[in-house]
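**Q** Once you've had a glance at the structure underneath, I'll fire off some questions.
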Amino acid sequence: MEASRPPRILVVDDDGAVQVSLALLLKQSGFDALCCDGPAAALDLLAREPVDLVLQDMNFSLQTSGAEGLALLAEIRKQYPTVPVLLMTAWGSIALAVAGIKAGAANFFTKPWDNAQLVDLIQATLELGTLDAAGPGRKALDSQFDFHGIVGEHPRLLRVLATIGQVARTRAPVLILGESGTGKELVADAIHHNSPRVDQAIVKINMGAVTPTLFESEMFGHVRGAFTDARSDRKGHIACADGGTLFLDEIGELNRGDQVKLLRVLQDQRYQPVGASRSEQADIRVVSATNRELAELVASGDFREDLFYRLNLITIRLPPLRERRSDIPLLARHIAAGVADSYGLGEVTLSPGALDWLGAQPWPGNIRQLKQTLERTLLLAGKSQLTQHDFAAAGSLDDAGGAPKLGLDGMTLEQVERRMIEQALDQHGGNITRVAKALGLSRTALYRRLERHGLAESDAGAEE
């Protein structure tokens, strides 16, 4: 973008009223606006005029499949890869908007829109759009930022790291999306460690583990005498994060009632401890994460739209391990060295055959599953060099122990998750506490997954 002119934004919508409304809002906010009513006109304008961002509708005819919108998005991404695209949609088409984001759109907003929120989204997207399309190399990023613990050089990961570096210095809320085991907590740590808040605490809360009855006490704290067991004042998570970062993991597990309470805090940075007579101020930067598609939860009524907009000004999507396979050798060596050091095993290497085998696996559990596989094989093999045979032998012990090996080919992530839960329930005799621990989940999060997969009725709910 030329420094001498304001950002130029192209509005693509076949509704003239939408064009006029957006053009007026953009001009009032200091942007130049161009408008057109369809894909052909949009591509013609892009060929003739420099454009910094596109606001694009998903449908341009009586058909509402979104095929035209996705086709236009694909063409813009192909011809103008540095120009970010924000999609316009209705809540009834959230799944379509999510598909658009996965196809390369920067984000989406809904009709009707909130003017202030849309302007904030446009400004944040323009700032991120200044990143080089090719992306900086890993060495260049490491020379500027602290990304310890995040291993890899795949272009999609480097783009994530560059985004972290650019947004970390702000106080903008960040939503991290990604499958289980992709490293969302490491990204939250990186945002905090590269921010002006690095000298203060990053407070991490698993929202799936906070029960509704304890939500206010856990988050806001309480004063002495607020309830029977409140023998002294207690600071909540928000007070502990004052001046620092509040990381809300598994935000998609938060129930609707508690979403309202959290929204009030995010709106004015004030909270009231249980039993207190006045509210307190908190200076917090919020980073949240989920392995669920939060926009789809909004569309289904399970997540509040206003809270969603408070959380996702900046959205970071982590690629699953199967989409960055070139990083698997780097990750495997890094993990193996760390595991060997923690167990005092000395130096450990991986044979080329072992690396090829690791690189060919589906890894539905992503980096977490890769680490578990390496750790188990290292401990069972007892060798300084691991081969493909060692991994196969370690895996075959599951069969010998009576636990059937999972057949993952062709299964969706939801199917894999259900199979793993069923297997853990069988292995631990339905004991919820042990199953949750084995799967690395809170009991609350496990209960919700049991309900989602239709396993709640068959589960006896055994406890220790």
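**Q** Among the residues of region 330-348, write down those that are at pLDDT 90 or above, closer than 13 Å to R376 by Cβ and not aliphatic (A, V, I, L, M).
**A** None - no residue of region 330-348 is at pLDDT 90 or above, closer than 13 Å to R376 by Cβ and not aliphatic (A, V, I, L, M), so the list stays empty.
**Q** In the list P81, P136, which residue meets the criterion of being without any contact (Cβ under 8 Å) to a residue 60 or more places away in the chain and surrounded by fewer than 17 Cβ atoms within 10 Å (Cβ to Cβ)?
**A** P81
**Q** Based on this model, can you work out whether Q415 counts as among the polar types (S, T, N, Q) and either farther than 22 Å from D189 by Cβ or at pLDDT 95 or above (or both)?
**A** yes
This table checks each residue for (1) under 25 Å from the mean Cα position of the chain (by Cα); (2) in a helix (DSSP H, G or I); (3) of a type outside the set (S, T, N, Q); (4) surrounded by fewer than 20 Cβ atoms within 10 Å (Cβ to Cβ).
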| residue | (1), (2), (3), (4) |
| --- | --- |
| S326 | yes, yes, no, yes |
| A332 | yes, yes, yes, no |
| A336 | no, yes, yes, no |
| D341 | no, yes, yes, yes |
| G344 | no, no, yes, yes |
| A354 | no, yes, yes, no |
| I367 | yes, yes, yes, no |
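**Q** Next question, about the same structure. Check off (1) closer than 21 Å to Y447 by Cβ; (2) modelled with pLDDT under 85; (3) surrounded by 21 or more Cβ atoms within 10 Å (Cβ to Cβ) for H222 and give me the number that stays unchecked.
**A** Condition (1) is where H222 drops out.
This table checks each residue for (1) touching a residue at least 12 places away in the same chain (Cβ under 8 Å); (2) closer than 29 Å to R197 by Cα; (3) out of contact with any Ser or Thr (no Cβ under 9 Å at 6 or more places or on another chain).
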position	(1), (2), (3)
G252	yes, yes, no
A276	yes, yes, yes
L297	yes, no, no
S300	no, no, yes
N312	yes, yes, no
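**Q** A further question follows. Does any residue of region 332-343 turn out to be of a type outside the set (A, V, I, L, M, F, W, C) and under 30 Å from L128 (Cβ atoms)?
**A** Taking every residue of region 332-343 in turn, at least one turns out to be of a type outside the set (A, V, I, L, M, F, W, C) and under 30 Å from L128 (Cβ atoms).
Here is a yes/no grid of residues against (1) free of Cβ contacts under 8 Å to residues at least 12 places away in the same chain; (2) surrounded by fewer than 18 Cβ atoms within 10 Å (Cβ to Cβ); (3) within 23 Å of I101 (Cβ to Cβ); (4) not hydrophobic (A, V, I, L, M, F, W, C):
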residue	(1), (2), (3), (4)
P6	no, yes, no, yes
L26	no, no, yes, no
P39	no, no, yes, yes
P50	no, yes, no, yes
A74	no, yes, yes, no
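**Q** If only one of L439, L450 is more than 19 Å from R368 (Cα to Cα), surrounded by 14 or more Cβ atoms within 10 Å (Cβ to Cβ), at pLDDT 55 or above and among the hydrophobic types (A, V, I, L, M, F, W, C), which one is it?
**A** L450
**Q** When the residues of region 295-351 are filtered to those that are touching a Gly at 6+ places or on another chain (Cβ under 9 Å) and small (G, A, S), which remaining residue is nearest to L118 (Cα to Cα)?
**A** A299
**Q** Sort through D306, D302, D327 and tell me the only one that's under 22 Å from T163 (Cα atoms) and among the acidic types (D, E).
**A** Residue meeting the stated conditions: D327.
**Q** Another question, if that's okay. If we keep just the residues of region 225-267 that are of a type in the set (V, I, T) and either within 14 Å of V287 (Cα to Cα) or touching a strand residue (DSSP E or B) at 6+ places or on another chain (Cβ under 7 Å) (or both), which is modelled with the lowest pLDDT?
**A** That would be V265.
**Q** Does P6 qualify as being in a loop (DSSP other than H, G, I, E, B) and over 26 Å from D114 (Cβ atoms)?
**A** Against the criterion (in a loop (DSSP other than H, G, I, E, B) and over 26 Å from D114 (Cβ atoms)), P6 does not qualify.
**Q** Report, by residue number, each residue of region 278-295 that is farther than 16 Å from G236 by Cα and free of Cβ contacts under 8 Å to residues at least 60 places away in the same chain.
**A** Hit for region 278-295 is R292, nothing else.
**Q** Hey, another quick one. Check region 388-396 and report whether any residue there is at pLDDT below 85 and buried (at least 17 other Cβ atoms within 10 Å of the Cβ).
**A** Yes, some residue in region 388-396 is at pLDDT below 85 and buried (at least 17 other Cβ atoms within 10 Å of the Cβ).
The values are calculated or read from the model by the stated rules, or taken from the named source; none is laboratory data. These numbers come from a predicted model, not from an experiment. All Cβ positions, even for glycine, are placed from backbone atoms using ideal geometry, and neighbour counts span all protein chains on display.
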